[in-house]
1. Hey, does the range 340-358 have a residue that's at positive phi and in contact with a helix residue (DSSP H, G or I) (Cβ under 8 Å, 6 or more places away or on another chain)?
2. Can you tell me which residue among VAL327, VAL272 is under 17 Å from the mean Cα position of the chain (by Cα), closer than 18 Å to ALA242 by Cβ and either open to solvent by 30 Å² or more (accessible area, probe 1.4 Å) or of a type in the set (Phe, Trp, Tyr) (or both)?
3. Considering (1) more than 23 Å from GLY246 (Cα to Cα); (2) open to solvent by less than 20 Å² (accessible area, probe 1.4 Å); (3) away from ligand 1 (no atom under 12 Å from the Cβ), say which one ARG304 fails and leave the rest.
4. Hey, GLU284 hits all of (1) among the charged types (D, E, K, R); (2) open to solvent by 10 Å² or more (accessible area, probe 1.4 Å); (3) in contact (Cβ under 8 Å) with a residue 24 or more places away in the chain; (4) more than 16 Å from ligand 3 (Cβ to nearest atom) but one; which does it fall short on?
5. Which condition number in (1) open to solvent by 10 Å² or more (accessible area, probe 1.4 Å); (2) within 23 Å of GLY133 (Cα to Cα); (3) modelled with pLDDT of 95 or more is the one that ALA51 fails?
6. List every residue pair whose Cβ atoms sit under 6 Å apart, with the two residues 6 or more apart in sequence or on different chains, where the first one lies in the range 134-158 and is free of Cβ contacts under 8 Å to residues at least 24 places away in the same chain and the second, anywhere, is part of a helix (DSSP H, G or I).
7. ILE145 - would you say it is within 16 Å of ligand 3 (Cβ to nearest atom) and either open to solvent by 70 Å² or more (accessible area, probe 1.4 Å) or touching a helix residue (DSSP H, G or I) at 6+ places or on another chain (Cβ under 9 Å) (or both)?
8. If a residue has to be more than 16 Å from ligand 2 (Cβ to nearest atom), in contact (Cβ under 8 Å) with a residue 12 or more places away in the chain and either among the acidic types (Asp, Glu) or part of a strand (DSSP E or B) (or both) to count, how many in the range 288-325 make the cut?
Amino acid sequence: MPAVIVVGTQWGDEGKGKATDHLGAAVDLVVKFNGGNNAGHTVVIDGEKYALHLLPAGILSEGVTPIIGNGVVIDLEVLFQEIEALEERGMDTSRLRISSNAHIIPSYNRLMDRTTEKFLGKRQIGTTGRGIGPSYADKMNRIGIRVQDLFDPSILRQKVEGALANKNHLLVKVFNKRAVDPEEVTNELLSYAERVRPMVVDASLLVNDALDEGKTVLFEAGQATMLDIDHGTYPFVTSSNATAGGACTGAGVGPTRIDAVVGVTKAYTTRVGEGPFPTELFGEEGDELRERGGEFGVTTGRPRRTGWFDAVVGRYASRVNGLTDLVVTKLDVLTGYEQIPICVAYDVDGVRVDEMPMNQSDFHHAKPIYEYMPGWTEDITKVRKFEDLPVNAQRYIERIEEISKVRVSVIGVGAGREAAIVRHQLTGA
Ligand code: GDP
Ligand code: IMO
Ligand code: MG
């Protein structure tokens, strides 16, 4: 199967980085198609931890061409920081390619992100403060700055001036801040131009040519289904399409080319930032799961909110992404619980609801209806075959499979690259 999309099925941090890396050896190209450095994808290789934000996880695999697609928003300062940090650790980043149509996060959009969040007060989203929302908003408003603009200083200057015309009014008159100097921003962006130039390509052409040649391409999502701008818990979402459709628009490939869509899910649930989360655990229970799972954000260091597996979310993710496979991560974290709840439906104001409510207020009111699965105590971190898992762990996975209506193809039993049980090859190999 040459074209495989990897998406998150929950609220992010499901282990997409590890899933992408797991496939690394079997693929030729890894394309990141949405988001920016709001993402934090962790890969652990031989005990060494790599935290990637803007770079596709494929950059860690030998022989893979990592590509930043047109759907991504790029903070150039972060891009080069990440490249330098990897080079210092002996990784080769010379294969990285960037779409000429990808948008840039100019420094003023970081300022806009943080300032608008403050003004939202109680209604704040809890963004990562990286300028993601304002940069996608500029893209939609047709006042964004693209990678290709870096190579035409006079056009770049005009575009920066155009973008700042409105924003400076807002900054000065509404937010009581100083105006941003377009010349300063232009010069800062231009200072990266010659370093970026050799990486810039027509990424859509590159990816389609690779598929024509029978190469394997993996499309790596940032964020996740429930953070998707269209299908997530709006307005508590990110500003891009993190679902499978985003891979087509964000990389420039047609839907007919896609062979498999792999959903990555934790064996429980986490969420960072604000917004509804029906199976959330509070107090000691929430703290315990957070400690066991090491649930602290890779990007902002914020403690993640924790809760049980939500099969309503799982079924929904399966539907809106057209999932063909599931990768269930962090099963090892559940070892030692006497029983493990799975949310199979919601109680919305006294009515049982089996599918994702259509109305946001209903989702805010949703209370989980749990089914309880028996737990296990054996250490599973060294297990590599499904049959060698404790019977209750097998049952837990089979139940997830049954109620999510998608086969579970890979099970994560530890953070390391090797800590996985493979039931079905994700690339169909
Ligand atoms: P991503 O954003 O979806 O790539 O996920 P993150 O990297 O933000 O968060 C996932 C965390 O879980 C990272 O710290 C991974 O190293 C870790 N991880 C991934 N899979 C497993 C697993 O199967 N078991 C354990 N214990 N940790 C895992
Ligand atoms: P990965 O790829 C978890 C959340 C933020 C906030 C909301 C909007 O590592 O799974 P933004 O800065 O995007 O405007 O913030 O989305 N968020 C994530 N949560 N994992 C991520 O990425 C996230 N990227 C954004 O916490 O609630
Ligand atoms: Mg993450």
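The values are calculated or read from the model by the stated rules, or taken from the named source; none is laboratory data. Remember, it's a predicted structure, so these values are computed and weren't measured experimentally. Quick reminder, even Gly has a Cβ in these numbers, built from the backbone with ideal geometry, and neighbours come from all protein chains shown. For the accessible areas, the whole protein counts, side chains as well, though only heavy atoms, and no ligand, DNA or RNA atoms are used. Shrake-Rupley method; radii C 1.70, N 1.55, O 1.52, S 1.80 Å.
1. yes
2. VAL272 is the lone residue from the list that is under 17 Å from the mean Cα position of the chain (by Cα), closer than 18 Å to ALA242 by Cβ and either open to solvent by 30 Å² or more (accessible area, probe 1.4 Å) or of a type in the set (Phe, Trp, Tyr) (or both).
3. So the condition that ARG304 fails would be (3).
4. Only one criterion is unmet by GLU284, namely (3).
5. The one condition ALA51 does not meet is (3).
6. Matching pairs, first to second residue: ILE143/GLY162; ILE143/ALA163; ILE155/ASP149.
7. When the stated conditions are applied, ILE145 does not pass them.
8. 2
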